[in-house]
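Values in this text are rule-based calculations from the coordinates and carry no lab data. Source: prediction; values computed, not measured. No Cβ is skipped: glycine too gets one built from the backbone with ideal geometry, and neighbour counts run over all protein chains shown.
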Amino acid sequence: RQVEMAASRARIEVALAALPQRPRKYRVFYMLDALALTATSAQDLDAIKRDVADFPAPEVIVTGHADRLGPTTYNDALSLRRARQMRDILLGAGIAQEKIQVVARGEREPLIQTPDNLSEPRNRRVEIKVR
């Protein structure tokens, strides 16, 4: 009976090891109207780059966001610049360009709902999804 249980556990462990890793998500936050990361996000960036680079055969989606301060067209362009900047940082960490998709959402998908023309630091971000 114990031998059967040990063999069963071994098969389960092999099957679990063969499963793909769960997707990972990261967020980095930006200063107002800038491509500069907040101090905390700048500190986290090296760990994020290592983690993404260590992911086996990653597919990465980099999504830029902006807060609702300023015109929608400006925020669309700013969120795209932020996403492209993060893509370039990941390229520098060794992620292949064809594995990175860049998306810009502007002010359309806020973490924190705010009225128009209100600054919200948590909405100024790039989200990195790795699968």
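Give me the net charge of residue 95's neighbourhood, meaning all other residues with Cβ under 15 Å from the Cβ of residue 95; Lys, Arg count +1, Asp, Glu -1. Don't skip to the answer; put the middle values down first.
Details: positive: 24, 49, 50, 84, 87, 99, 129, 131; negative: 46, 51, 54, 59, 88, 98.
With Lys, Arg at +1 and Asp, Glu at -1, the neighbours total +2.
Can you give me the distance in nm between label points at residue 39 and residue 122, each placed 7 Å from the Cα along the Cα-to-Cβ direction?
Spacing of the two 7 Å Cα→Cβ label points: 2.1 nm.
If I build a Gaussian network model for the chain, linking alpha-carbon pairs within less than 10 angstrom, which residue out of 94, 64, 106 has the largest mean-square fluctuation?
Comparing 94, 64, 106 in the GNM, the peak value goes to 94.
Where Lys and Arg each count +1 and Asp and Glu each count -1, what net charge lies around residue 36 among other residues with Cβ under 12 Å from its Cβ? Mind dumping the intermediate values first?
Values: positive: 81, 82, 124; negative: 33.
In short, +2.
Give the aspartates and glutamates whose C-alpha is closer than 13 Å to that of residue 129, dropping any in the same chain fewer than 8 places away, or say none.
Reachable aspartates and glutamates: 51, 59.
Amide H to amide H under 5 Å from residue 101: which residues, 5+ apart in sequence or cross-chain, H placed 1.01 Å off N in plane?
Counting only residues 5 or more places away or on other chains, the set is 60, 61, 62.
What does the charge dipole of segment 60-131 about its Cα centre add up to, to the nearest 20 debye, if the Cβ of each Lys and Arg holds +1 and the Cβ of each Asp and Glu holds -1? Numbers along the way, then the final one.
On the way: 13 positive and 9 negative charges, 48 e Å.
So the dipole magnitude of segment 60-131 works out to roughly 220 debye.
Nearest-5 percent of antiparallel DSSP beta bridges in the chain?
Details: 12 of 17 bridges.
Once the DSSP bridges in the chain are tallied, antiparallel ones form about 70 percent.
State, to one decimal in nm, how far the label point of residue 113 lies from the label point of residue 6, with both points 7 Å from Cα in the Cβ direction.
Computed distance between label sites residue 113 and residue 6 equals 5.8 nm.
With Cβ to Cβ distances under 12 Å as the rule, what net charge do the other residues near residue 69 carry (K, R +1; D, E -1)? Before the final figure, lay out each step's value.
Values: positive: 68, 124; negative: 33, 67, 107, 116, 120.
Residues near residue 69 contribute -3 overall.
I'd like to compare 87-93, 25-31, 68-74: which one has the highest average count of other Cβ atoms within 10 Å, and what's the full order after that? Intermediate values should be presented prior to the final figure.
On the way: 87-93: 16.3, 25-31: 17.9, 68-74: 14.6.
The most tightly packed comes first, giving 25-31, 87-93, 68-74.
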